[in-house]
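A.B. asks: Got a structure for you, written out below as structure tokens; questions coming shortly.
The values are calculated or read from the model by the stated rules, or taken from the named source; none is laboratory data. Computed from a predicted structure; not experimentally measured. Cβ: placed from backbone, ideal geometry, glycine included. Neighbour counts: every protein chain shown.
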Amino acid sequence: MVKKIITPFLLFILILAGCGNGASEDTLVISGKKWTEQYILPYILGEYIKANSDYDVKVEEALGEVNVLTKAMKSGDIDMYVEYSGTGYLAVLKEKYDPNQTAEEIYQATKKGYKEELDMIWLPPLGFENTYAMAMREETYNKVGVKKLSELAAKSNQLIFGAPPEFYERADGYDPFVEKYGLNFKSAESLDPNLMYTAVKNGDVDLISGFTTDGRIARFNLKVLEDDKNFFPPYYAAPVIRKEALEKFPEVEKLMKELAGKISSEEMSEMNAEVDIDEKEPKDVAIEFLKKEGLID
């Protein structure tokens, strides 16, 4: 057996390596959630920052959902990601949503709460909102014969509902949703967020909690029921960065102001479809968008 000899110098190097928290001091680390839009957005931010600054940027794909990302931000494992105002307001700050609140009021309250409680800075919104879309395939939509969620209560016991696991755990998720609308589904299935659109298209489930910017809603001709009781809050997409990271990479604030309002819901939906249906790589889609908009060369 060969013995491994660790010299004092090597031991010192190993100790230093073990002291890192995941994010290099000289690198801006951007991450996202585990679904298509959140694969694309880190590359949009990262490629724009790289093209317009001298910063070293690294994208860590698909770290996890909001709780995982919030912990990673707190620990400094990542520096930045895109969050949605309603999610930050309800899931992280644990505030209660009043349907009379405007989208701007939700955004400003979330921005204030993150700064005061978490030392995280919300930068200007990117230009689109991605809220929940309760979607059916056209055949089911015509058979059930309702256009609004409030009309669904009497027929919900005939339907199988499908949603990602996180939806069943959220403050703006399944339990308060069915209570608000008086729904009683035949069953409720937990589905991968990237597979649920195919599931509803194929009739494996009857209704899903999709997302308004998902390109498969239009491509699969799914029908969305109106949230006529305003159960879901506004979900403006905006970059969030650790205060410490912003102090280290101050140009990011200026660059995100330049990027603010540049992505419409239609553009985000099309980018999502290019990845999900046309099988393009998220990074390539992000770069193509930035070039098309004249944001990078």
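A.B. asks: In the list V252, V200, V240, V275, which residue meets the criterion of being of a type outside the set (S, T, Y), assigned by TED's automatic domain parsing to the domain that holds K143 and either assigned to a helix (DSSP H, G or I) or in contact with a strand residue (DSSP E or B) (Cβ under 9 Å, 6 or more places away or on another chain) (or both)?
C.D. replies: Working: V252 fails: assigned by TED's automatic domain parsing to the domain that holds K143; V240 fails: assigned by TED's automatic domain parsing to the domain that holds K143; V275 fails: assigned by TED's automatic domain parsing to the domain that holds K143.
Answer to the check: V200.
A.B. asks: When you go through (1) crowded, with 16+ Cβ neighbours inside 10 Å; (2) in a loop (DSSP other than H, G, I, E, B) one by one for R216, which number turns out not to apply?
C.D. replies: (2)
A.B. asks: Okay, next question. Does segment 211-249 hold any residues that are among the small types (G, A, S) and either at pLDDT below 95 or over 15 Å from T87 (Cα atoms) (or both), and which are they?
C.D. replies: Within segment 211-249, G215, A218, A245 qualify.
A.B. asks: Among the residues of segment 144-164, write down those that are without any contact (Cβ under 8 Å) to a residue 60 or more places away in the chain and among the small types (G, A, S).
C.D. replies: If the condition is that a residue be without any contact (Cβ under 8 Å) to a residue 60 or more places away in the chain and among the small types (G, A, S), then G145, A153, A154, S156, G162, A163 are the ones that fit.
A.B. asks: Would you point out the residue of segment 95-116, among those that are assigned to a helix (DSSP H, G or I) and among the β-branched types (V, I, T), that is farthest from T70 (Cα to Cα)?
C.D. replies: I106
A.B. asks: What pairs can you find where one residue is in segment 251-269 and closer than 20 Å to T36 by Cβ, the other is part of a helix (DSSP H, G or I), and their Cβ atoms are less than 6 Å apart, with a gap of 6+ or different chains?
C.D. replies: What qualifies is L259/Y48; S269/G215.
A.B. asks: Take S150 and decide whether it is in contact with a Pro (Cβ under 7 Å, 6 or more places away or on another chain) and among the hydroxyl-bearing types (S, T, Y).
C.D. replies: On the way: in contact with a Pro (Cβ under 7 Å, 6 or more places away or on another chain): no; among the hydroxyl-bearing types (S, T, Y): yes.
In short, no.
A.B. asks: Going through A245, A237, A218 one at a time, which residue ends up being touching a residue at least 24 places away in the same chain (Cβ under 8 Å) and within 13 Å of Y197 (Cβ to Cβ)? Let's see the steps before the verdict.
C.D. replies: On the way: A245 fails: within 13 Å of Y197 (Cβ to Cβ); A237 fails: within 13 Å of Y197 (Cβ to Cβ).
Result of the check over A245, A237, A218: A218.
A.B. asks: To continue, here is another question. Any residue at all in segment 83-90 that's closer than 16 Å to I241 by Cβ and either outside the structural domain of T36 (by TED's automatic domain parsing) or assigned to a strand (DSSP E or B) (or both)? Explain how you work it out, then say what you get.
C.D. replies: So the first thing to find is which residues in segment 83-90 are closer than 16 Å to I241 by Cβ, and the list is 83-85, 88.
Imposing the further condition that a residue be either outside the structural domain of T36 (by TED's automatic domain parsing) or assigned to a strand (DSSP E or B) (or both) reduces the set to 83-84.
Yes, some residue in segment 83-90 is closer than 16 Å to I241 by Cβ and either outside the structural domain of T36 (by TED's automatic domain parsing) or assigned to a strand (DSSP E or B) (or both).
A.B. asks: Return only the number of the condition from (1) surrounded by 13 or more Cβ atoms within 10 Å (Cβ to Cβ); (2) part of a helix (DSSP H, G or I); (3) among the basic types (K, R) that K280 does not satisfy.
C.D. replies: In the conditions (1) surrounded by 13 or more Cβ atoms within 10 Å (Cβ to Cβ); (2) part of a helix (DSSP H, G or I); (3) among the basic types (K, R), K280 misses (2) alone.
A.B. asks: Scan segment 117-134 and give yes if some residue there is in a loop (DSSP other than H, G, I, E, B) and without any contact (Cβ under 8 Å) to a residue 60 or more places away in the chain, otherwise no.
C.D. replies: Kept after step one, since they are in a loop (DSSP other than H, G, I, E, B), are these residues of segment 117-134: 119, 123-128, 130-131.
From the residues that got through so far, the ones that are without any contact (Cβ under 8 Å) to a residue 60 or more places away in the chain too are none.
Within segment 117-134 (the criterion being in a loop (DSSP other than H, G, I, E, B) and without any contact (Cβ under 8 Å) to a residue 60 or more places away in the chain), the answer is no, since none of the residues qualifies.
A.B. asks: With surrounded by fewer than 16 Cβ atoms within 10 Å (Cβ to Cβ), of a type outside the set (A, V, I, L, M, F, W, C) and under 30 Å from I44 (Cα atoms) as the only criterion, which of E129, E139, E117, E166 stands out? Full working, then the answer.
C.D. replies: On the way: E129 fails: surrounded by fewer than 16 Cβ atoms within 10 Å (Cβ to Cβ); E139 fails: under 30 Å from I44 (Cα atoms); E166 fails: surrounded by fewer than 16 Cβ atoms within 10 Å (Cβ to Cβ).
That would be E117, the only listed residue that is surrounded by fewer than 16 Cβ atoms within 10 Å (Cβ to Cβ), of a type outside the set (A, V, I, L, M, F, W, C) and under 30 Å from I44 (Cα atoms).
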